[in-house]
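Each value in this text was obtained by applying a stated rule to the coordinates, not by laboratory testing. Just so you know, these numbers come straight off a predicted model, no measurement behind them. All Cβ positions, glycine included, derive from the backbone under ideal geometry; neighbour counts span all protein chains shown.
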Amino acid sequence: MQNSNFPPNRLALNQQEAAEALGISVVTLWRLVKRGLIRPSIALRTPLYPISELERFLRETTYIPKK
C-alpha cells in the first residue's frame, strides 16, 4: 500500500512526520504507541516510525462494515 502522504524513498519518519502523515496530532500518536497499536523503532534516542509499521496500523485498523 503506497500512501501519497508518506515521503518517497524514506524507510522511517520522525514523530512529527509520522503524525502529519497519519493526519493526527503528536499527542494522539503518542497515545497509540502507549496502547501498543503502533510500534516505533527505538534503536536510536529518537523514536523512528517505519513507514511499513504505519501502513500496517492503517491496514489492521480499517473499518469494514458488515453487509
(message) I need every pair where a residue in the range 35-46 that is under 12 Å from GLN15 (Cα atoms) has its Cβ under 7 Å from the Cβ of a residue that is assigned to a loop (DSSP other than H, G, I, E, B), sequence separation at least 6 or different chains.
(response) PRO40/PRO47; SER41/PRO47; THR46/ASN14
(message) Among the residues of the range 29-67, what is the count of those that are loosely packed, with under 10 Cβ neighbours inside 10 Å and among the aromatic types (Phe, Trp, Tyr)?
(response) 1
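Go through the range 12-67 and report how many residues are assigned to a loop (DSSP other than H, G, I, E, B) and not hydroxyl-bearing (Ser, Thr, Tyr). If you could, list the steps in order and put the result at the bottom.
Just the residues of the range 12-67 that are assigned to a loop (DSSP other than H, G, I, E, B), to begin with: 14, 23-25, 35-40, 42-47, 61-67.
Subsequent filtering for residues that are not hydroxyl-bearing (Ser, Thr, Tyr) retains 14, 23-24, 35-40, 42-45, 47, 64-67.
Number of matching residues: 18.
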